[in-house]
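The block underneath contains the structure these notes are about, expressed in structure tokens.
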Amino acid sequence: MSSGVSNSSGTRGASGGDIGGREACVIGSGMIDFGELFEQSTDDMAERAYLNAIEDVDSGISPQEIDAAWFGTLDIAGDASSGAGLAHATGLFEIPVTRVENACATGSTAFRSAVEAIEAGSAEVALVLGVEKMRDSAAGLIESAALDQVWRGRGVTMPAFFGMRATRHMHEFDTTEEQVAKVSVKNHANGAKYPHAHYRFECSVEDVVESPTVTYPLNLYDCCPVTDGAAALLVASEELASEYTDDPIHVAGSGLSTDSLLRSEDESLVGFPATTQAASQAYEQASIGPEHVDVAEVHDCFTITELVTYEDLGFCAKGEGGALIDEGVVELDGEKPVNPSGGLLAKGHPIGASGVAQLAEIYEQLRGEAGSVQVDDPEIGLQHNIGIGRNATGSVSCVNVLERR
Amino acid sequence: MYEPPFWRDREANERLAATECDACGYVSFPERREVCKRCGERGEFRDTRLEERGIVQSYVIQNRLPDAFETPLPVAVMDVPQVGANDGGSDGDDAGSDAGEPARVYGLFTETDPEAMAIGMEAAAVFRELFDVEGLPVGSFKFTVPRGENR
């Protein structure tokens, strides 16, 4: 996470970056096709993503060369996960494995932790593996409606938490239901072309606004599906990276922050200060601004989430997310394509895997290997998650910036 | 009702007891803390109480919820003024040295037509049983707009 530019201002909360000047690079990525995968267990999915990552390394890698691993999962399926869960799925015993759970930022936080270890010199080659088995339980996340809470988020489900921003954003900035719906239309158009996506169909603005209302103002097609999936990345120190590939992708910056709707800041009614805080840390480490981002995979658990994230990341001013999508800037062939993979809306949102998958997609984009969703010659890619914590009273965001040099 | 969390929080849940940070004016509710959630200072907190009303800052209408809830259910982010405040208005920074800030909370609505919901609207806080713990009721406040009234 370092750059040639001095980074001594010490942004509060920012860490990693520039430790001994070591840098980390991504040297391989592995995805599985996301979907309703009843035939695969958590371990099956994790193993396949891991093997795909190993096979993706240009010059090959042997498992013995991996000296640490980070395992991102919420363990929604109740598989009693721990670091040992990763070891059982991959055969990587006898090395340090850390399980990370950080709401929807689980996968990206796991990645960030691996990067920090490499920068600190405590690991040379690390595996980051994210997995989530969402569909084995019929109850799903609706049962997380904080039934036994009094003030702490009782009755506030995921679509309610994000829908609050939609109602207020429409009220404050005259954002329309159609502008919000366009996020879904765009991401489904991209997802229809992306081989690993759960849902590969296109839809129209009409389809979105006429789909059944889940939580006003959000309809069914404003919401991401419930999806099983896994993804993996291999990260190495810059010195070693060249032994594995001629095209390593540098980790230029990373940020992680938390905030709360209940800190009485009005910005958190129309967006997520945690995203702005994490992005500012990541931009500073990477010595870039939002205008330098060529392609982004951002957290679109709901349409409104992506729309406010344009603003929170600085892709446009607060209140102008609707105009940004109207102008086509974030389309696959726009100036700043967002979610070429179809995002969580089309690709799916297996929580522990989501952030890792987004990073795998940015890795492919920066190497020019994204196939039918490849954008035009990107050099800097950004990955973003925003998660709900603490029964819908807190939020956590992780932002990572990758760079082809 | 007296399972520990509900016993600990009774003053807040049943009487809307809150605390106000001397350093920045943030109103902490329902938690009582030594450090301020907004400014991060370890400051003095003054005891205060909230009024039985609030202003809707944003809202959703929940159509899909576990059986414990009636749907469609309006759920809102509410600003609840302190007792004695001049104005619990929606813009926070009110003039008047004694006004103080409102507390920002989630509010479940009850007996309210979803069509009546609007940002900026005032709603009354009414004491209700929220749920029970092994038959013992846990009570606190929900919000309601009187029927036919759309403010």
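The values are calculated or read from the model by the stated rules, or taken from the named source; none is laboratory data. Keep in mind it's a predicted model, so treat the numbers as computed, not measured. Every residue, glycine among them, receives a Cβ derived from its backbone with ideal geometry; neighbour counts consider all protein chains shown. Each accessible area value is taken on the protein alone, full model and side chains, heavy atoms only, with ligands, DNA and RNA left out. Shrake-Rupley method; radii C 1.70, N 1.55, O 1.52, S 1.80 Å.
In table form, for the structure just shown:
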item	result
Loop chymotrypsin sites (Phe, Trp or Tyr not before Pro), the range A:176-244, which have at most 15 other Cβ atoms in a 10 Å radius of their Cβ (DSSP)	A:201
Violating pairs (Cα-Cα greater than 19 angstrom) within the set A:186/A:347; A:318/B:37; A:193/A:318; A:186/A:318	A:318/B:37; A:193/A:318; A:186/A:318
Positive-pole candidate from A:305, A:159, B:133, dipole of the protein assembly as shown, charges at beta carbon	B:133
Shielding by other protein chains, A:260-267, mean Cβ within 10 Å	6
Average beta-carbon neighbours from other chains, 10 Å sphere, peptide B:99-105	3
Convex hull volume per residue in cubic angstrom - Cα atoms of the range B:4-144	117
Amide H within-cut-off set for residue A:98, under 5 Å, with H built and near neighbours excluded	A:69, A:70, A:71
The protein assembly as shown - share of DSSP beta bridges that are antiparallel (%, nearest 5)	85
When the convex hull of its Cα atoms is projected in every direction, mean area for the range A:70-210 (nm²)	12.7
Chain A - mean residue ellipticity at 222 nm from DSSP helices (-39,500 (n - 2.57) per run, n ≥ 4, rounded to 500)	-10000 deg cm²/dmol
Helix-only [θ]222 nm of chain B, DSSP H runs n ≥ 4, -39500 (n - 2.57) each, per residue, nearest 500	-1500 deg cm²/dmol
Protein accessible surface hidden between B and A, which excludes ligands and nucleic acids, total in Å², probe 1.4 Å	3400
Spin-label pair residue B:8/residue B:127, simplified geometry with 7 Å Cα→Cβ offset, distance in nm	2.4
Estimated Rh, chain A: Kirkwood, alpha-carbon pairs, angstrom	20.6
Distance (nanometres) between label positions extended 7 Å along Cα→Cβ at residue A:326 and residue A:55	4.7
Average beta carbon contacts from partner chains per residue of B:72-83, 10 Å cutoff	3
R0 of 22 Å, Cβ-Cβ distance residue A:390-residue B:134: FRET efficiency to nearest 0.05	0.30
Modelled FRET efficiency - R0 56 Å, residue A:377 with residue B:41, Cβ distances, 0.05 increments	0.70
Peptides A:312-320, A:128-136, A:183-191, B:44-52 ordered by average Cβ neighbours within 10 Å, highest first	A:128-136, A:183-191, A:312-320, B:44-52
